[in-house]
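Below: one structure, written as structure tokens.
The values are calculated or read from the model by the stated rules, or taken from the named source; none is laboratory data. All figures in this text were calculated on a predicted structure; none of them were measured in a lab. FYI the Cβ positions are ideal-geometry reconstructions off the backbone, even for glycines, and counts take in every protein chain you see. These accessible areas exclude ligands, DNA and RNA; they are computed on the full protein's heavy atoms, side chains included. Shrake-Rupley method; radii C 1.70, N 1.55, O 1.52, S 1.80 Å.
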Amino acid sequence: MEYKEHSFRRKIIYIFDEWVDKVFTPKYNPFYWLGTICFFLLILIAVSGIYLFIFYRTSNAYETVQYLTVNQWYLGGIMRSIHRYASDGFILFMFLHLLREFLLGKYRQRRWVSWSSGIALFIVSIILGIMGYWLVWDERAQLIALKTAQLLDDIPIFVEPPPISFLSNATIHKMVFFVILLGHIAITFLGISILVGIHVTRNARPALKAPRAICFTILIVLSLLSIIAPATSAPPADMGKMPINTPFDWFFFFIYPLSSILPKGAFWFTSVGGTLFLFISPWFSRSNKKLQIAHVKSGNCVGCEQCNRDCPYDAIKMIHRKDGRPYLLEAQVIESKCTSCGICIGSCGSKGIYLPDKTLDQIEKEIARLLSLTQKQNGLPVIIGFVCEKSIKPDELPDNDTQGLKEIPDVPIITFPCAGMIHHSLIEYALNSGAEGVFICGCQIKECNYREGSKWLQARLKGVRAPVLTLKGAINYSRVRAYWLSPLRKNELIKEINIFRRGLKYLSNVRHYELIEHISYTEKVNKRTVVFSTVPAIVLSSLLILFLSTKPIYPFYSKDISLIKFTFKHRSKHSGDCKELAKEDTKSKLKHMRKTNSPFAKMRMDCSKRERLPIYVEMDLDNKNILSKSFYPTGLRGDGSTFAYEEIPIKSGIHEVKIKMRDSKKEGPFDYIFEKKIDLKGGMITVFDFDKVNNKFYIMGQNENGE
């Protein structure tokens, strides 16, 4: 079976890995540890967040954060900066982690749980970051509050438009910050914990701990950023001013520029549709063929538990035997977790597990057939290769009877779903059947497609993990060679195979107990080189986080533009005719049966229809119409209040503003008219609201004299 998924996107990852391996070595390649880096950053976020929570007060949010940043800069300010930059880094590395897994195709079939939970974790983390910025309540918080309210206003589930809550400083209730803080903490410690648990639940030994060198490097980066460029607040939020030239964090706020660039329908289609596609993408892949589930031969299983210990996805459990055999336990495959990798087959010393389409007997017959077709050429020894399907491209294995590589057709190849499936008996069988050498080629140890296949096979070949390869007589370890290479290292693989073949001619029958391996040459890079190569990486990553978390500023508003906010809450007239009820008629009807504005109204009215009329509004600026719109009442029967909220940007200057509103059936004169000449200053916000007590429009924050 050939591996058919070496697409262009996989090649991008392999080329990039090759380059990074040369700099950091595979052991410290940060792109092999993206998930563990995210987990380490999450711990830093939680620790620093707890410290900030101790000092935070919802009654004076801005002053609290300023106290930590300025007065307590030596600890509180550093904690805030670490919290901020670690959050940005968390989003950055999580995005890279998701992108890498997608390009490598590690989101299909049994991996859908990890993929879907990872997408959910990414979305929840962005929401948490936005909530965290909100708690500072500076101009940046004001900006995201306004933009978030506008996005929520597009969702038809709110009776009152969310932007109405942010008309002025007086309309913002202190309870808002308490609710946001409570939600921020609850989602962090409950939502994130649950999603992380789901994300790793399918892995037997989830990798949560990155190498110490990487963790210390990250800590140094964050500490240096916190000292050199500490996180600071923008000026305090002022709902009477537009947030212009506000520092912008692209890691969390990227959705807001997108919403302003795209039309409303296109934005929601793109964002919602794209998110749904990511969630369901594991089921839309052409490679989602039916997996061959591993089966247990009860008669061969001795209950050694090695398959249970080696399975990377916890797909094997041990159960008590009931067949009377002298073993306590028996292996049982959990079908819903099995990925058909075959690692359990390589770990079973008694040949008690098999894949239906690739049994050990079938492989041995294939070995015998290939060796019978292979003859010595130019006096070179006959060798055979056991190769992981993920480490060789389909076009490198011609479709012929000998299954030889193009460059060396006299060297037959047998492929396996994973190198971890290669059983020690197959190596012994090949050497005893006429092969003078066996080479094995698997994925790089840190980048095995099935997490641990290459790692376990390497340990078995070295004799440090059961089942151990035990070669006898003239057959020795010098006749076995192991390679752990990227699929892009084909030329190097061919070169090493030829060296191996030529060297077999001069082998004596002396036993060699040490396995000869060929790992990427970058493993041999000096530690000092790794340290010095880390310096530019630290600088570049620091500059990237610093730049994208503060600049460039997206121009939502201009200092030469003034913003008009038009809003009201008003009950229009009923669509049907109404008449006043007599006192005795009012008493004869139950309150819920009275067709009135309110059961507590002084005047009881009986209306033929409860539905209310739409409210029509026109707004003119210097005798030019800038708004003509009908607003409709809320309620299931259309009998509730009518809400309105509109934002209108205009050029600054002195303008004649005229507002006309009609809430009755008549189409003649308007019921309410407001007309006034006002000075609309650049960068300022002017709010026009309706006074439902005096039934007239007014400018919020101004008295009758316009002051």
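Listed by first and then second residue, the pairs linking a residue in the range 325-350 that is more than 27 Å from T470 (Cα to Cα) and free of Cβ contacts under 8 Å to residues at least 24 places away in the same chain to a residue that is open to solvent by less than 20 Å² (accessible area, probe 1.4 Å) and in a loop (DSSP other than H, G, I, E, B), with Cβ atoms under 6 Å apart and 6 or more places separating them unless they lie on different chains, are I334/A315.
Surrounded by 14 or more Cβ atoms within 10 Å (Cβ to Cβ) and touching a residue at least 60 places away in the same chain (Cβ under 8 Å), is that true of I227? Write out each step before concluding.
On the way: surrounded by 14 or more Cβ atoms within 10 Å (Cβ to Cβ): no; touching a residue at least 60 places away in the same chain (Cβ under 8 Å): yes.
The answer is no for I227.
Scanning the range 640-656 for residues that are within 24 Å of S165 (Cα to Cα) and surrounded by 13 or more Cβ atoms within 10 Å (Cβ to Cβ) turns up G640, S641, T642, F643, A644, Y645, E646, E647, I648, I650. Taken as a whole, the condition of being open to solvent by 30 Å² or more (accessible area, probe 1.4 Å), over 29 Å from G701 (Cα atoms), part of a helix (DSSP H, G or I) and aliphatic (A, V, I, L, M) applies to L182. Looking across the range 251-280, the residues that are surrounded by fewer than 17 Cβ atoms within 10 Å (Cβ to Cβ) and over 30 Å from R108 (Cβ atoms) come down to P257, S260, I261, L262, P263, K264, G265.
Can you say whether S193 is closer than 30 Å to N245 by Cα and either open to solvent by less than 50 Å² (accessible area, probe 1.4 Å) or modelled with pLDDT of 90 or more (or both), as far as the supplied structure shows? Taking the combined requirement at face value, the residue does not satisfy it. Selection over the range 85-112 of residues that are open to solvent by 20 Å² or more (accessible area, probe 1.4 Å) and of a type in the set (A, V, I, L, M, F, W, C) gives a count of 9.
Of the numbered conditions (1) under 28 Å from K147 (Cα atoms); (2) assigned to a loop (DSSP other than H, G, I, E, B); (3) open to solvent by 50 Å² or more (accessible area, probe 1.4 Å), R637 fails exactly one; give the number of that condition. Going through (1) under 28 Å from K147 (Cα atoms); (2) assigned to a loop (DSSP other than H, G, I, E, B); (3) open to solvent by 50 Å² or more (accessible area, probe 1.4 Å) one by one, R637 breaks only (1). When restricted to residues that are modelled with pLDDT of 90 or more and part of a loop (DSSP other than H, G, I, E, B), the range 400-432 contains 4.
What are the residues in the range 351-381 that are under 22 Å from A466 (Cα atoms) and either open to solvent by 70 Å² or more (accessible area, probe 1.4 Å) or touching a strand residue (DSSP E or B) at 6+ places or on another chain (Cβ under 7 Å) (or both), if any? K351, G352, I353, Y354, L360, D361, I363 - these are the residues of the range 351-381 that are under 22 Å from A466 (Cα atoms) and either open to solvent by 70 Å² or more (accessible area, probe 1.4 Å) or touching a strand residue (DSSP E or B) at 6+ places or on another chain (Cβ under 7 Å) (or both). One residue stands out in the range 100-129 among those that are basic (K, R) and assigned to a helix (DSSP H, G or I): the one that is farthest from T201 (Cα to Cα), namely R100. The condition of being over 18 Å from K358 (Cβ atoms), in a loop (DSSP other than H, G, I, E, B), open to solvent by less than 60 Å² (accessible area, probe 1.4 Å) and not aromatic (F, W, Y) holds for G299. In the range 95-104, the condition of being in contact (Cβ under 8 Å) with a residue 24 or more places away in the chain and touching a Ser or Thr at 6+ places or on another chain (Cβ under 7 Å) is met by no residue. Per the conditions (1) open to solvent by less than 70 Å² (accessible area, probe 1.4 Å); (2) within 24 Å of P417 (Cα to Cα); (3) assigned to a loop (DSSP other than H, G, I, E, B); (4) not hydrophobic (A, V, I, L, M, F, W, C), the sole criterion not satisfied by K290 is (1).
Could you grab me the full set of residues in the range 35-67 that are aliphatic (A, V, I, L, M) and in a loop (DSSP other than H, G, I, E, B)? Hits for the range 35-67: nothing passes. Annotation: Y450 fulfils all but one of (1) open to solvent by 20 Å² or more (accessible area, probe 1.4 Å); (2) modelled with pLDDT of 90 or more; (3) within 19 Å of I367 (Cα to Cα); the unmet one is (3). Go through (1) open to solvent by less than 60 Å² (accessible area, probe 1.4 Å); (2) at pLDDT 90 or above; (3) in a loop (DSSP other than H, G, I, E, B) and name the single condition M318 misses. M318 satisfies all of (1) open to solvent by less than 60 Å² (accessible area, probe 1.4 Å); (2) at pLDDT 90 or above; (3) in a loop (DSSP other than H, G, I, E, B) except (3). Out of the residues in the range 220-238 that are in a helix (DSSP H, G or I) and β-branched (V, I, T), state the one that is farthest from N169 (Cα to Cα). Once the filter is applied, the top-ranked residue is I220.
The set of residues in the range 287-332 being more than 20 Å from A204 (Cβ to Cβ) and acidic (D, E) consists of D323 alone. Scanning the range 475-507 for residues that are of a type in the set (F, W, Y) and either open to solvent by 40 Å² or more (accessible area, probe 1.4 Å) or at pLDDT 85 or above (or both) turns up Y483, W484, F500, Y506.
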